[in-house]
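Remarks on the structure that follows.
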Amino acid sequence: MTLGPNTFNPSLTLPTLAAIQRRCGELLAHQNRHKSAQALATPGEAPAEEDLRLLEEFAQQQEEQQESAEFQEPYAFEEPEPPTVLPPRSSAPPPPALDGAALHGIAGLLVRTLAPHTEADPAAVLLQFLAAFGNLVGPGPHCRVGATRHGLNLFVILVGESSKARKGTSWRQISSLFTEADPLWSSRCVTTTRPTPNTILQALRDQQPVTDRRLFLLSEEFASVIHVLGREAGQLSPLLRSAWDGGNLCSHDGHRYVQATAAHISIVGHVTQSELAHHLSRIESHNGFANRCLWTSVRRSQSLPDGGSLSSEQHSVIAGELRRTLDWVQSQDELLFSRTPAARELWNDGYVALSQGREDAFGAATSRAEAQVLRLSAIYAALDRTPLIDACHLQAALAVWDYCRASARLLFDTAPIDPTAQRISQALDVTPGGLSRVQIRALFNRHVSKERIDLALEQLMTLGLIHSETSAGRRRPATLWAKVEDPKVVNPETYGA
């Protein structure tokens, strides 16, 4: 249907509110003047000249108003401005901040000395220094947790933007320091070769004379390592997990079994955020490796167009302190760390927070908090040349762990738990008596491999959600997995209070 022309509004525009109010005022004023003129005129007389003039002015004003309306935008109403709406707050956690308590002893001296002369993140400098020192001292220094032996070897993974986070820059500063303090370690024990079971075991294999059991794996392209870790039938993941535990390593090279006794392996890996996100599912499936790592989010700390200017004297002072610390460690027959009463009290107070678990990827990646803090505190004590872990050493270790935990939250908090582990957990919720391996495989109609089920069971056991029991009888012993009634029972004595 087509509408005809509007005789009242030929321009097809709507007047503004201000124009309507102004016109109403003019019409009322004209009406009042017209009534006044009629009251003064005698009946039967023609309107006065003043009235005629007013009528002509009114007609002229109407024509001007109509002409001006043709240039207005159609349907332009003057509305009040809407109130300013603030953007919603982001639900993402803030970037981690390194607490000053972590800068204790020689490690703090190094970070503070390098800070004005490098664009590297202080956390990257600190974590790589601690990992390198933990490997430098070898397998001798250790802590005892019941029957479990904890060495000072660490797995540190730096996560940051490619070429912008200055991950490589931070390592080069530390490498030159350790080269001056112990050139033999730097030349023999540090390797940038991509780790494989064969290369690791060939470097550490048992032979005469006995080889150096220290191996520091530096991988500036750690994404390729994560890709290999994702192979279910691969041997690298169980080998590295055994290496972190400090046990004996053994693998088959295609011809024979190769063994390395008392290996002492540390890892520093560099990976970008996009690479980590791409391979995140692989890390979730191999969470037994993920929770042995200290995940460290790093970024460039400052801009130095002309580079740093660290003097050789400053460099030598730190290298000298490191050399004296290494001499002290090597002079000890057996270096077993223990806590002072002050450190024990601090440990008991913080153990509840360290023991908290979560049934997701973030919980799986941080479920070894107690062991990580234990090793870090022993490293700080060794740097102070004492076998006693004092409160200051434990506070430094807790500060480092808080940073790594906040980094892991950024990287893993939005990721779900491994689907295979989640399905097993749901089945055990409704089966108080537990399930055997045959019954667990039946949950997936035997379409899930034995390796993936093993990894899922390890993930749930690492989180403290399930436990296994072996039944004894006349028949063949059977292992049952069942849910833990009270996961993560808080017991500070478990980690040597």
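The values are calculated or read from the model by the stated rules, or taken from the named source; none is laboratory data. Treat the numbers as computed from the prediction; the structure is a model and nothing was measured. Positions of Cβ are generated from backbone atoms using ideal geometry, with glycine treated the same way; all protein chains shown enter the neighbour counts. The accessibility values were calculated without ligands, DNA or RNA, using every heavy atom of the protein model including side chains. Shrake-Rupley method; radii C 1.70, N 1.55, O 1.52, S 1.80 Å.
Values for this structure:
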quantity: Count of region 381-397 residues which are buried (at least 24 other Cβ atoms within 10 Å of the Cβ) and in a helix (DSSP H, G or I); calculated: 7
quantity: Tally, over region 115-163, of residues that are in contact with a Gly (Cβ under 6 Å, 6 or more places away or on another chain), under 18 Å from ALA97 (Cα atoms) and open to solvent by 10 Å² or more (accessible area, probe 1.4 Å); calculated: 0
quantity: Condition broken by ALA97, with the remaining ones in (1) open to solvent by 10 Å² or more (accessible area, probe 1.4 Å); (2) over 24 Å from the mean Cα position of the chain (by Cα); (3) among the small types (Gly, Ala, Ser) satisfied; calculated: (2)
quantity: Matching residues in region 325-367 - criterion: being open to solvent by 30 Å² or more (accessible area, probe 1.4 Å), in a loop (DSSP other than H, G, I, E, B) and of a type in the set (S, T, N, Q); calculated: SER331, GLN332, GLN356
quantity: Hits in region 358-373 (condition: in contact with a Leu (Cβ under 9 Å, 6 or more places away or on another chain) and modelled with pLDDT of 90 or more); calculated: ALA369, GLU370, GLN372, VAL373
quantity: Index of the failed condition, ARG188 passing every other in (1) closer than 21 Å to GLY320 by Cα; (2) of a type in the set (D, E, K, R); (3) buried (at least 19 other Cβ atoms within 10 Å of the Cβ); calculated: (3)
quantity: Long-range neighbours under 6 Å by Cβ, at least six apart or interchain, first residue part of a strand (DSSP E or B) within region 246-273, second open to solvent by 70 Å² or more (accessible area, probe 1.4 Å) and of a type in the set (D, E, K, R); calculated: VAL258/ARG205; ALA260/ARG205; HIS270/GLU220
quantity: Residue selected from region 195-223 under the condition modelled with pLDDT of 85 or more and charged (D, E, K, R), by the criterion most open to solvent (accessible area, probe 1.4 Å); calculated: GLU221
quantity: Unique residue being under 18 Å from the mean Cα position of the chain (by Cα) and under 30 Å from LEU455 (Cβ atoms) when the list is ALA371, ALA378, ALA361; calculated: ALA361
quantity: All positions within region 435-446 that are at pLDDT 80 or above and either within 14 Å of ASP360 (Cα to Cα) or open to solvent by 10 Å² or more (accessible area, probe 1.4 Å) (or both); calculated: LEU435, SER436, ARG437, VAL438, GLN439, ARG441, ALA442, LEU443, PHE444, ASN445
